[in-house]
Amino acid sequence: MTSAATSIKNGNLVAFPTETVYGLGADATNDDAIARIYKVKGRPTGHPLIVHFSSIGNLDKWARDIPEYAVNLARAFWPGPMTLILPRTDLAKDFITGSQDNVGIRIPSHTVALALLKEFEEQGGLGVAAPSANRFGAVSPTTASAVEIELADFLSESDQILDGGPCLVGVESTIINCTQKKPSILRPGAITKEMIEDALGVTIDLNSSNSESIQIKAAGLLESHYAPNAKVFITGSPRSGDGFIALASIATPEGVIRLANPENNDEYARTLYNALRQGDALGINNIYAHLAEDIGVGVAVNDRLRKAAE
Ligand code: TXA
Ligand code: MG
């Protein structure tokens, strides 16, 4: 079988594990391959894609006018679950950026992802565009079998799905807007506001209300997103037969089906998407979720739960 890196170089799609969620990868310079990503995901065109590569040395190829704070963030948190939005170079074409003048960039830390990206670069590749490997608006996959369930009907025979086991973080990367004087968080993730502030020694703004005021499109900022087939509720009480997700410290109400029992916020993030998928697999119509504690990656868990509940 052709290696996954060669396959991407040849214009095919490869779904691969990252520490956050599984991505659906294609050569970020190949217009036709990128068009197939949109097709396979059923994603409306014009939503920008994140470009992934393996080494910080490639940053200048894709981004220009990089503020010092962004360099500091890159040094502090890459490889890792963080995406930086930066002014683009000519390499980042409209089909990657959704015709915006900025580009999303990430160096993931998963060993399988890094090995794939390194081999791709050794073959002359410059970057792999990879949205989460789910159909548009659905729950991101955190296992190879979840990718299979989401996309098998839409992939072709020359595409591949790499299995790197379950994702350790479980929610998508923190997206940081680095196109202004000060950074701001567009999507919360495992790199938290506090971690960013500690690394930079400044206070920063947190997402939604702030990000809506700037001209940046991010599909993950749409109100309804990350949603399973079941209806998700974050208020009210479940009835018998409903699904239930909460920290282990919260008792299971009578008659409901417990879908996850995480001991802490990190485990909540790691298990949330599989719990939502399991609810669908069991044919459950309503899933009630108690929010995580609003600290650390719990902020990201709660952001996704609110969007799933829209
Ligand atoms: O953890 C992750 O970030 C995963 C893994 C595979 O790396 N990827 C991921 O990609 O979540 P995706 O496409 O499902 O979500 C990326 C979000 C989208 O909401 C997109 O609109 C936004 O990032 N985005 C990408 N490039 C952008 C840009 N140039 N400006 C603003 N938003 C951007
Ligand atoms: Mg996504």
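With θ taken as phi - 60° and the Karplus curve 6.51 cos²θ - 1.76 cosθ + 1.60 applied, the whole-hertz 3J(HN,Hα) list for the range 31-37 is 3, 5, 5, 5, 4, 5, 4 Hz, x standing for glycine and proline. Within the listed set 249, 158, 54, the Gaussian network model of the chain (springs between alpha-carbon atoms below 10 Å) gives the highest mean-square fluctuation for 249.
Residues whose amide H falls under 5 Å from that of residue 125, counting only those 5 or more places apart or on a different chain, are absent, with hydrogens built in the peptide plane.
Residues 148, 254 in ascending order of nearby Cβ atoms (within 10 Å, fewest first): 254, 148. In the chain, one over the average inverse separation of all distinct C-alpha pairs is 19.5 Å, which is the Kirkwood hydrodynamic radius. One decimal place: the segment residue 290-residue 149 gains 48.1 nm when fully extended, by the rule 0.36 nm per residue minus the C-alpha distance.
Count Lys and Arg as plus one, Asp and Glu as minus one, and take only other residues whose Cβ is under 13 Å from that of residue 268; the net charge is then -4. In this structure, the amide hydrogen of residue 184, modeled 1.01 Å from its nitrogen in the peptide plane, lies closer than 5 angstrom to those of 177, counting only residues at least 5 positions away or on a different chain.
Applying 0.36 nm per residue to the separation of residue 10 and residue 251 and subtracting their alpha-carbon distance, the gain on full extension is 81.6 nm. For the chain, the number of Lys pairs with C-alpha atoms closer than 23 Å, counting only pairs eight or more positions apart or on separate chains, is 26.
This model, with +1 at the C-beta of Lys and Arg and -1 at the C-beta of Asp and Glu, gives the chain a dipole about its Cα centre of some 400 debye.
Ellipticity at 222 nm from helices only: DSSP H runs of n ≥ 4 in the chain, each -39500 (n - 2.57), divided by the residue count, give -9000 deg cm²/dmol. Taking Lys and Arg as +1 and Asp and Glu as -1, the other residues whose beta-carbon sits under 15 Å from that of residue 157 total -2.
Can you compute the label reach from residue 258? Point 7 Å from Cα along the Cβ direction, backbone N cut-off under 18 Å, restricted to the range 289-303. The answer is 289-293, whose backbone nitrogens lie closer than 18 Å to the label point. For the range 1-110, the relative contact order is 29 percent, taking Cα pairs closer than 8 Å that sit 6 or more residues apart in sequence and dividing their mean separation by the residue count.
A short reminder: the numbers here are calculations on the coordinates, not readings from a lab. These figures come from a predicted structure and were not determined experimentally. With ideal geometry, Cβ positions are generated from the backbone for all residues, glycine too; neighbour counts draw on all protein chains shown.
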